[in-house]
Amino acid sequence: MSRTITSETKHSIISDFKEITKIRLSVSVVFSSLAGYLLGVETVDYKTLILLAFGGYFMVGASNAFNQIIEKDLDALMDRTKNRPIPAGRMSVSTAFIIASIFTVLGVFILYTINPQTAMFGAISIFLYTCAYTPLKTKTPLAVFVGAIPGAIPFMLGWVAATNDFGIEPGTLFAIQFFWQFPHFWAIGWFLFEDYKKGGFFMLPTGKQDRGTAIQTIMYTIWTLLVSIIPAFGFTGRLYLTPFSAVIVFLLGLGMVYYAIQLYKKMTVKAAKQLMLASVSYITLLQIVYVLDKFIR
């Protein structure tokens, strides 16, 4: 019997650790960083690749843990978040703070061993997510704009890690992921609207599930598509996309635009969920196409 209890306890601790650091989100962010690194590097250094993966994970994990500490009372009000470790009472605030602090130190230190600029952008990301985006979520829909900044850093962070330089190339990678986040998070804000309202979060640009929000979602989806194919025109330094790959990215983007238009037409939770899934597929496939294009051409 004691073995069963011990096993369940261990499982709960591991599960709560994954939840407080949002491991699935962290992995997706690490994926973006590694894609950016592969785009910027001339010769792959696997040591740097591993450091970037761990540093990126610690960076995102820290941001998520601080976020859940700050929002613990609001999380308890929402169905989506009430079972998180802190509001559910399975983890104390002090424990979560220790995890967040250790992750911050480890993340910045590891990124600094790659180069100082990478560490600087990592630290900026944690600061903006925790100290600006999180408190603004209950104040103004502009929180999504602020949150899009740290959210866009990982893709370009990889390039900076590879080159120790910030220029037009990482700036373009930043712009792609920056604009992408608006339709992505507005789609989430749409289908979780009622739950977010319980916590007092303002995630939609008009504050409502209305035509205005749907139109802005379409506009930013189009902007995402246009920014994503700019490297095909030779304006972005070493970051280049062949015409063939640009067509693939363009078609993927049209798919995302289609679902944004469907949201405008149907104005339903189902349409918003479909757009969210389309946006995740788009950014993932875009990064894969960019990397394959570089190494195959």
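Of the residues making up segment 280-297, those that are surrounded by fewer than 14 Cβ atoms within 10 Å (Cβ to Cβ) and over 19 Å from the mean Cα position of the chain (by Cα) are Leu292, Phe295, Ile296, Arg297. Is segment 235-247 home to any residue that is assigned to a helix (DSSP H, G or I) and in contact with a Ser or Thr (Cβ under 8 Å, 6 or more places away or on another chain)? No, segment 235-247 contains no residue that is assigned to a helix (DSSP H, G or I) and in contact with a Ser or Thr (Cβ under 8 Å, 6 or more places away or on another chain).
When segment 14-30 is filtered for residues that are surrounded by fewer than 19 Cβ atoms within 10 Å (Cβ to Cβ), among the hydrophobic types (A, V, I, L, M, F, W, C) and within 18 Å of Ile288 (Cα to Cα), the ones remaining, listed by number, are Leu25, Val27.
Within segment 67-84, being closer than 24 Å to Val108 by Cβ and either over 23 Å from the mean Cα position of the chain (by Cα) or open to solvent by less than 40 Å² (accessible area, probe 1.4 Å) (or both) holds for Asn67, Gln68, Ile69, Glu71. Pairing residues of segment 38-54 that are closer than 17 Å to Ile23 by Cα with residues that are surrounded by 15 or more Cβ atoms within 10 Å (Cβ to Cβ) and among the small types (Gly, Ala, Ser), at Cβ distances under 8 Å and at least 6 apart in sequence or on separate chains, gives Leu52/Ser33; Leu52/Gly158; Leu52/Ala161; Ala53/Ser33. Considering only residues in segment 245-260 that are free of Cβ contacts under 8 Å to residues at least 40 places away in the same chain and not small (Gly, Ala, Ser), the one that is least open to solvent (accessible area, probe 1.4 Å) turns out to be Val257. When segment 201-243 is filtered for residues that are polar (S, T, N, Q), in contact with a Phe, Trp or Tyr (Cβ under 7 Å, 6 or more places away or on another chain) and open to solvent by 20 Å² or more (accessible area, probe 1.4 Å), only Gln209 remains.
Answer yes or no as to whether Tyr112 is hydroxyl-bearing (Ser, Thr, Tyr) and open to solvent by less than 60 Å² (accessible area, probe 1.4 Å). Taking the combined requirement at face value, the residue does not satisfy it. The selection criterion, being of a type in the set (Gly, Ala, Ser), surrounded by fewer than 24 Cβ atoms within 10 Å (Cβ to Cβ) and assigned to a helix (DSSP H, G or I), holds for Gly171. Only residues that are at pLDDT below 90 and open to solvent by 80 Å² or more (accessible area, probe 1.4 Å): list them for segment 31-47, please. Matches in segment 31-47: Glu42, Thr43.
Working only within segment 211-233, note down all residues that are more than 20 Å from Ile248 (Cα to Cα) and without any contact (Cβ under 8 Å) to a residue 40 or more places away in the chain. Gly212, Thr213, Gln216, Met219 - these are the residues of segment 211-233 that are more than 20 Å from Ile248 (Cα to Cα) and without any contact (Cβ under 8 Å) to a residue 40 or more places away in the chain.
The values are calculated or read from the model by the stated rules, or taken from the named source; none is laboratory data. Every value quoted in this text rests on a predicted model; they were computed, and no experiment measured them. A quick note on method: Cβ atoms are made from the backbone with ideal geometry, for glycine too, and the neighbour counts reach across all protein chains shown. Please note that ligands, DNA and RNA were not included when accessible areas were found on the heavy atoms of the full protein model with its side chains. Shrake-Rupley method; radii C 1.70, N 1.55, O 1.52, S 1.80 Å.
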